[in-house]
């Protein structure tokens, strides 16, 4: 299947800018995060679907509030368009707005969040960023949140029961799973459905980039998630070909180091 053309502002690559010359609008505010459970990685897992992430900083004086420096203003626009006022979990809702800051300064001694992780983290070197090159960027499907997620880069022998068990452990139980026919013996992919959009968003935050052990492999597979264009699980097979494009992303890096 031929790769679709790169459309600027939609699926084009989002490059990291030098801090001093950063475009205005590349930093955004995120409000309404669960103070007790949220952290930088969980927020990264969600916003990385819409552009490269450079830095994330939680604010000590405003609980449940974070600042995110994206690759450029286009990535922030995508986040505002698709993630502002979306429900998360049982009773949560997040708001996203442009920040007046041009960039985030490095925090040398970040405070600890309630889960004991640091309140600041750098992501410019993370292999989990998905818009690092035009070829990689073109394989991303910019979708609004939905209750059906597309999963890929999982072990080829993964079963429905094993996948459901992974999400159950993270306390985001899915309602159904549909595996795509294997296009390659190197990895598997498919769709996983949740009871509503809020649970699917929470699943992205908790489970995106989880390491999954594969039989006979030295390194774990890093499962990747994104929102699906499928409206129902019954239509999954019709979308298998188009969504399978994402499966080829980072083919040479199927089994990546767990660390960002």
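Based on the Cβ-Cβ distance from residue 112 to residue 186, what FRET efficiency comes out when R0 is 41 Å, to the nearest 0.05? Don't jump to the answer; show the numbers that get you there.
On the way: r = 39 Å, r/R0 = 0.94.
Once the sixth-power term is evaluated, E becomes 0.60.
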Checklist entry - Going highest first, how would you order 48-60, 189-201, 117-129 by mean Cβ packing within 10 Å? => result 48-60, 189-201, 117-129
Checklist outcome for this item: Per the rule of 0.36 nm per residue minus the C-alpha distance, extending residue 176 to residue 160 adds in nm 4.9 nm
Checklist entry - On full extension of the chain, what length is gained from residue 234 through residue 90, given 0.36 nm per residue of separation minus the C-alpha to C-alpha distance? => result 49.2 nm
Checklist entry - How much length, in nm to one decimal, is gained on full extension between residue 62 and residue 98, taken as 0.36 nm per residue of separation minus their Cα-Cα distance? => result 11.3 nm
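Read-outs: derived from the displayed coordinates by stated rules, not from any lab. Just so we're clear, the structure is a prediction, and the values are computed from it rather than from any experiment. So basically every Cβ, Gly included, is an ideal-geometry build from the backbone, and we count neighbours across all protein chains shown.
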